[in-house]
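Computed from the coordinates by the stated procedures, all read-outs in this text should not be read as laboratory data. Given the structure is predicted, the values throughout are model-derived calculations rather than measurements. Methodologically, a virtual Cβ is constructed for each residue, glycine included, from the backbone with ideal geometry; neighbour enumeration extends over all protein chains shown.
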Amino acid sequence: MKYSVQIVGVGGQGVLLASMVLGTAAMRAGYKVRMSEVHGMAQRGGSVLSTLRFGDDVVSPLEATGGADLIMGFEPMETVRSMKLGSRDTAVLMNLDPVYPGNVAAGFDTYPGIDVLLNEIKSRNDHVVTVEATEIALKAGKAVAANAVMIGAVAAMKGFPLGRDLLKEVLLETVPPKSTDLNSKAFDMGYEAVSKHD
Amino acid sequence: MADLLSESGKQLLLGNEAITRGLFEAGVRFASTYPGTPSSEVGNLLEEYSERAGMYFEFSSNEKTAVEVAAAAASSGVRSFAFMKHVGLNVAADPLMTLAYSGVRAGMVIMSADDPSAHSSQNEQDNRYYSTLALIPMVEPSDPQEAKDFLREAYAISEKLGLPLLYRTTTRVNHARADVVLGSIMTDTPLKGHFEKDDRHFVNIPAFAVHNRVRLLERMKQAAELSEASPLNRIEGEGDIGVITSGVSYCYVKECVSGVSILKLGFTNPLPEKKIADFIRGRKAVVVVEELEPFLEDQVLRICAQNGISVHVYGKRDGTLPREWEFSPDTMQRLKDIVTVYPAPVPMKGTELTLPGRPPSLCAGCPHRGIYAATKRAVGKTPVVYCSDIGCYTLGVQPPFGTADFIICMGGGAGAAGGFAQATDQKAIAFIGDSTFFHAGVQPLTSALFNRHNIVMVILDNRTTAMTGHQPNPGTGRHFGGIDTDSVDIESVVKGIGVGFVRTVDPYDVLSCVKVMREAIEYDGVAVVISKCPCPLLLKKERTLAKKVCYVDQDKCVRCYTCLRTIACPALIKKDERVEVDPSQCIGCGMCANVCPKKSIEVRQ
């Protein structure tokens, strides 16, 4: 067994935290784990990519282009930008709530319509699951819990090899104790949102 | 989260966490660095752990000093570790070359973290050549487990030979994460040594140096024997075709290529020449898989020639593999006509939409925005060359600032400014960070005074080494590992060396900065402006950032967009025609309020 996840998003969205949670859960499930992270300059609001590979025998910290079993897209435009990381068989979990780049926020550039972005992926892949992570996180209590929503959502993805209880357990160990309730709730709401999808 | 002092077990560790643990398992008692990505996290971790681990650790003012202090420790019998990014070793090359002549008495390892594909660097130099240039042994790990385990072996090699050892990693080792099995922590190495004087070895006057070179060459012969027998150089698998590889490239071969015999090299200078010759002899073909330069390949070709082996060597010299970019599983597809490679997946077709870019940018409330905006306004139409340096402020290259025209290396902007001032009629303005000033900025400033260069140096003093993850520097003082020191005052340093024009400004007060910058530009001689304001990211980390937020009074705002065009803060959002503030990003620094001609923005507590 080999499984690879490409987690894409924007610096500050919790991509690194999510990859740590998934990676730790994979290790605890008895798999070998190989990950690759972007540190340094790329964290200054730029696009961020984190690669996670686990299984009985994984060696490489990077995945082949197109080789992802799952793309976990924290941001719609970044998900579209990174489509080539997956193939038509790749499962795609896509957060539909955007983070506007500086140039867009300042009015010098325009962000594409969410439906346009979604269509870009859906025209190439039949396994797209969408979630409004920031929206759900706000309902759970705070926008910062969007990454917990995404981790809950990924647990409900068809074929995802790591269990819901294990992921939640690791998530709650990783976040600060005072935000346990918020993250627990956000995780469950993310899970439910995707379960309903099927 | 990682616990790097736990007794045993398995943890999911970043390469740099594994390396830090490896130092504890190798009984290292003295470590030094100047921060540089991809090696930076090791410094932050040692800042946190060194005292508990029974180790002395320091951020030196530059890599040269880091190697010198570590050399003294190892010469006194204390195991030491100096670490840096690849370009840092250029700065430390001077002591390194002669340190090999002197030799060391306890193990000394110098880590060079190289950066193929320049994820956070200005070049992609292949530092393996430093091992052959300096005549020192080299070890290259492939993944986090090896990055930890090989350190123990590296110290044993260094001590057997009495030579410093180059430990060469790359971004995909330092910033890879993997399940790592911990070993035991070594506790029986000495914390303090004693320097036994020995002029013939430690004083490299010409009369002694020539003999030390003879001794060094002898030691490298011994090193070759160690390399032949080393478990770090091993053969795996069987096949007519032999693959020779090292570093992270091994992982891609192992994952993607089948049916070959692999010579996996971990002790890569000197190479095990006999082992290589024996491995190659009788093979149908040989493939050398390594990132960047044909370091192994050229030596393999020589070994073939010297041993009368006639076999085709696939690699970079025949164009099979590239010299540009880092490798990945994709790169292995270039070998599919030679060996069995797992079939490449068929990726989704990329989008044809033109998506807005998302380059990294200066943070909301970053003080560099204020001094850049002020400088631009003060310069107006005066022809200038903006010399910049290494730090977050290189991001000034982007619009609307465009305040970086020339960047080569640490302190390089300050040096080049003097050259532009002499060789052109353009005004030379050099931006340099506080940490970079202490690293390599004082010397070019002294030189500019000495030679009467007409330059402006703007020191962006954000009270930290920001880009690499907020390490302390001489300007902040040190407060860890049981040592507290006062900060070295930049203004006193600048005045002390005799600069005639010195002003300290608050970059959040953009309009006042414009006046000072105008004076500085008009000044005949060397002018220094110190833009002093702490990095807001640091304040956020320390939880000392005052809670303030900017607010736009839409009745007063005339939609001139001066704020957007000059400060371009990510917290300023244009919604239809209105300018609004994103309270989730705004830190209430008030730069936008300061430049607003209608005073329509106010800072609220």
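Quick one: putting +1 on the C-beta of Lys and Arg, -1 on the C-beta of Asp and Glu, what dipole do you get for region B:221-302 around its Cα centre, in Debye to the nearest 20? So the dipole magnitude of region B:221-302 works out to roughly 240 debye.
Using Cβ point charges alone (K and R +1, D and E -1), the dipole size of chain B about the Cα centre works out to roughly 1080 debye. Only Cα pairs under 8 Å and 6+ residues apart enter the sum, and on that basis the relative contact order of region B:139-207 stands at 36 percent. Comparing Cα centroids, region B:385-464 and region A:156-198 end up 49 angstrom apart.
For the pair residue A:139 and residue B:318, label points projected 7 Å from Cα toward Cβ lie 6.1 nm apart. On full extension, the segment bounded by residue B:240 and residue B:561 gains 108.7 nm, given 0.36 nm per residue less the C-alpha separation. Inter-chain Cβ neighbour count for B:339-351, averaged per residue, equals 6 (cutoff 10 Å, partner chain atoms only). The coefficient of translational diffusion for region A:74-151, derived via Stokes-Einstein from the alpha carbon Kirkwood radius under 4 °C and 1.567 mPa s, stands at 97 µm²/s. The listed peptides B:493-501, B:369-377, ordered by packing as a protection proxy, come out as B:369-377, B:493-501 (highest mean of other Cβ atoms within 10 Å first). Sorting the Cα pairs of the protein assembly as shown by distance into bins of 20 Å, from 0 upward, gives 15, 45, 35, 6, 0 percent per bin.
Using the Cβ-Cβ distance between residue A:89 and residue A:173 with R0 set to 45 Å, the FRET efficiency works out to roughly 0.85. Compare A:175, A:48, A:129 in a GNM of chain A, Cα atoms joined below 10 Å, and give the one with the largest fluctuation. Maximum among the listed residues: A:175. Close amide H partners of residue B:338, meaning residues 5 or more places away or on another chain with modelled amide H under 5 Å apart, do not exist here.
Over region B:367-542, the reciprocal of the mean inverse Cα-Cα separation, the Kirkwood hydrodynamic radius, stands at 16.0 Å. With each label modelled as a point 7 angstrom along the Cα→C-beta vector, the residue B:225-residue B:487 pair spans 5.6 nm. When shorter helices are ignored and each DSSP H run of at least 4 residues is given -39500 (n - 2.57), the per-residue value for chain B at 222 nm works out to -10500 deg cm²/dmol. The angle separating the long axis of helix B:63-75 from the principal Cα axis of greatest extent in chain B is about 40 degrees.
The packing ranking, built from the mean of other Cβ atoms within 10 Å per residue, places the peptides A:130-138, A:143-151, B:541-549, B:596-604 in the order A:143-151, A:130-138, B:596-604, B:541-549, highest first. Ordered by the number of other Cβ atoms lying within 10 Å of each residue's own Cβ, fewest first, B:58, B:577, A:63 fall into the sequence B:577, B:58, A:63.
Taking the charge dipole of chain B about its Cα centre, with +1 at Lys and Arg Cβ atoms and -1 at Asp and Glu Cβ atoms, the residue from B:287, B:24, B:374 reaching farthest to the positive side is B:374. Rounded to the nearest 0.05, the FRET efficiency derived from the C-beta distance between residue A:165 and residue B:344 at R0 = 35 Å is 0.45. Amide H contacts under 5 Å for residue A:48: A:9, A:10, A:11, restricted to partners 5 or more places along the chain or on a different chain, H placed in the peptide plane at 1.01 Å from N. Note on A:68-79: average number of Cβ atoms from other chains within 10 Å of each residue's Cβ is 1.
Once the Cα atoms are used to define both axes, helix B:15-25 deviates from the longest principal axis of chain B by about 60 degrees.
Across region A:139-150, computed HN-Hα scalar couplings (Karplus, 6.51 cos²θ - 1.76 cosθ + 1.60, θ = phi - 60°) run 5, 6, x, 7, 4, 5, 7, 4, 5, 5, 4, 5 Hz from first to last residue, x flagging Gly and Pro. Note on residue A:178: aspartates and glutamates with a C-alpha under 19 Å away, same-chain residues under 8 apart excluded, are A:169, A:188, B:542. Work from the charge dipole of the protein assembly as shown (Cβ charges, +1 for Lys and Arg, -1 for Asp and Glu, about the Cα centre) and give the residue of B:527, B:155, B:246 farthest towards its positive end. Sorting the options by dipole projection puts first B:527. Highest average first, the peptides B:68-75, B:203-210 ordered by how many other beta carbon atoms sit within 10 Å of their residues are B:68-75, B:203-210. Ordering B:14, A:72, B:413 by the projection of their Cα atoms onto the charge dipole of the protein assembly as shown, which places +1 on the Cβ of Lys and Arg and -1 on the Cβ of Asp and Glu, puts B:413 at the extreme positive end. Between residue B:302 and residue B:195, the simple label model (points 7 Å from Cα in the Cβ direction) yields a spacing of 3.5 nm.
Peptide A:121-128 has a mean of 1 when you count, residue by residue, the C-beta atoms of other protein chains within 10 Å of its C-beta. For chain B, the longest principal axis of the alpha carbon atoms and the long axis of helix B:40-53 meet at an angle near 80°.
So what is the diffusion coefficient of chain B in µm² per second by Stokes-Einstein at 37 °C and 0.692 mPa s, using a Kirkwood Rh over Cα pairs? Translational diffusion coefficient: 124 µm²/s. Between residue B:451 and residue B:208, the contour length at 0.36 nm per residue exceeds the alpha carbon distance by 83.8 nm. Short-range pairs are left out: with C-alpha atoms under 8 Å and at least six residues apart, the relative contact order of region B:10-229 is 28 percent.
A straight Cα-to-Cα reach below 18 Å connects residue A:84 with the lysines A:122, B:349, residues fewer than 8 places away in its own chain not being considered. Ignoring lysines fewer than eight residues from residue A:139 along the same chain, the ones with Cα atoms less than 16 angstrom from its Cα are A:185.
Within the protein assembly as shown, antiparallel bridges make up roughly 35 percent of the DSSP beta bridges whose residues both belong there. Averaging Cα coordinates gives a centre for region B:119-135 and one for region A:109-149; these two points are 43 Å apart. Taking the Cα centre of region B:549-604 as origin and assigning +1 to Lys and Arg Cβ atoms and -1 to Asp and Glu Cβ atoms, the resulting dipole is close to 160 debye. Pairs from the list B:381/B:599; B:192/B:274; B:197/B:495; A:2/A:142; B:85/B:148 with a Cα-Cα gap above 29 Å: B:192/B:274; B:197/B:495; A:2/A:142.
The mean sequence separation of alpha-carbon pairs under 8 Å and at least six residues apart, normalised by the residue count of chain B, gives a relative contact order of 11 percent. Legend: calculated FRET efficiency, residue B:539 to residue B:133, from the Cβ-Cβ distance at R0 = 30 Å, rounded to 0.05, equals 0.10.
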